[in-house]
Amino acid sequence: MTLYPVLIEVPHDENEPPLQRMKKQRGYARRALRRCAELSGAPSNGWSQQKGGAPIPNGKFYWSISHTRGLAAAVVAMQPVGIDVERIRERRVDLFDEVGRGEEWSLLGGRTWFAFFYLWTAKEAVLKANSLGIGHLDQCRLIEPDRNARSFNKGDPLVSSLLNHPTRSDAQDQRRSESAMVDAFSPCASKLVFYDATWLVWHRMMTTDFIAAVATRNPTPIEWTRVF
Ligand SMILES: CC(C)(COP(=O)(O)OP(=O)(O)OC[C@H]1O[C@@H](n2cnc3c(N)ncnc32)[C@H](O)[C@@H]1OP(=O)(O)O)[C@@H](O)C(=O)NCCC(=O)NCCS
């Protein structure tokens, strides 16, 4: 089954109180989920969660959502799946040591904020596919970045490749309210080990500010959709 992760921009208002902002982001994530379900041939309702928030599969469909200031996302799959989106920004430098090990930063060309959020979203997506929280982060390890990951400075080949994947020609029409971005599958996935299992992770950037990652166990075609 093709994966159809949906990314949706969340209008941002500097003066919005945090609780209201969170409520809005969550609403947009559900909107992304409805669109994703539609694209995936999944039911339009029946998406419920455990008490702690972990998604409960809807029949044969697993699902995951993520939201951050400015962007929300959803994915549905017939195998365990996780999605994470983050806004790329400077954080506390000591977080590098919490999120990755020396070998992982070397694989990603060093400790840059792009590398940080690439690794962070990859690991979060894997944890979410396992319905587990960040307490398990240290069991997750990058063993192979995707083929484009050489270094993570702005304007470098990785960033451009994550931004400029082939796009379906009918999506060029400016009047459409969404565009589809088609990825070849396995060549573009990175590999992570979580406990004893290997996971595949696909990344996508939206502008140079946001990065998204989707994790599954098995290779699958993936078609990202951006909703405006
Ligand atoms: C789940 C978690 C990874 C989410 O990460 P985040 O970057 O803060 O938030 P995101 O926007 O990416 O994802 C939020 C969504 O993840 C989903 N979610 C919540 N818990 C989840 C879990 N255990 N597994 C998978 N998905 C989960 C929810 O749908 C949530 O959205 P909602 O609150 O609008 O329903 C993080 O909050 C976490 O670690 N939670 C668990 C806390 C924990 O470890 N508790 C101890 C019990 S073991």
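Readers should treat all values here as calculations from the given coordinates under stated rules, not as data from a laboratory. This structure is a prediction, so every number in the text was calculated from the model and none was measured. Ideal geometry is used to build each Cβ from the backbone, glycine not excepted, and the neighbour counts take in all protein chains shown.
Checking each residue in the stretch 55-90 for being in contact with a Lys or Arg (Cβ under 8 Å, 6 or more places away or on another chain), over 16 Å from residue 3 (Cα atoms) and surrounded by fewer than 21 Cβ atoms within 10 Å (Cβ to Cβ) picks out 68, 69, 70, 87.
Okay, residues lined up against (1) at positive phi; (2) assigned to a loop (DSSP other than H, G, I, E, B); (3) in contact with a strand residue (DSSP E or B) (Cβ under 9 Å, 6 or more places away or on another chain); (4) within 16 Å of the ligand (Cβ to nearest atom):
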{"site": "13", "(1), (2), (3), (4)": "no, yes, no, no"}
{"site": "29", "(1), (2), (3), (4)": "no, no, yes, yes"}
{"site": "44", "(1), (2), (3), (4)": "no, yes, no, no"}
{"site": "53", "(1), (2), (3), (4)": "yes, yes, no, yes"}
{"site": "67", "(1), (2), (3), (4)": "no, no, yes, yes"}
{"site": "75", "(1), (2), (3), (4)": "no, no, yes, yes"}
{"site": "90", "(1), (2), (3), (4)": "no, yes, no, no"}
{"site": "97", "(1), (2), (3), (4)": "no, no, no, no"}
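One residue stands out among those in the stretch 15-27 that are free of Cβ contacts under 8 Å to residues at least 12 places away in the same chain and among the charged types (D, E, K, R): the one that is farthest from the ligand (Cβ to nearest atom), which is 16.
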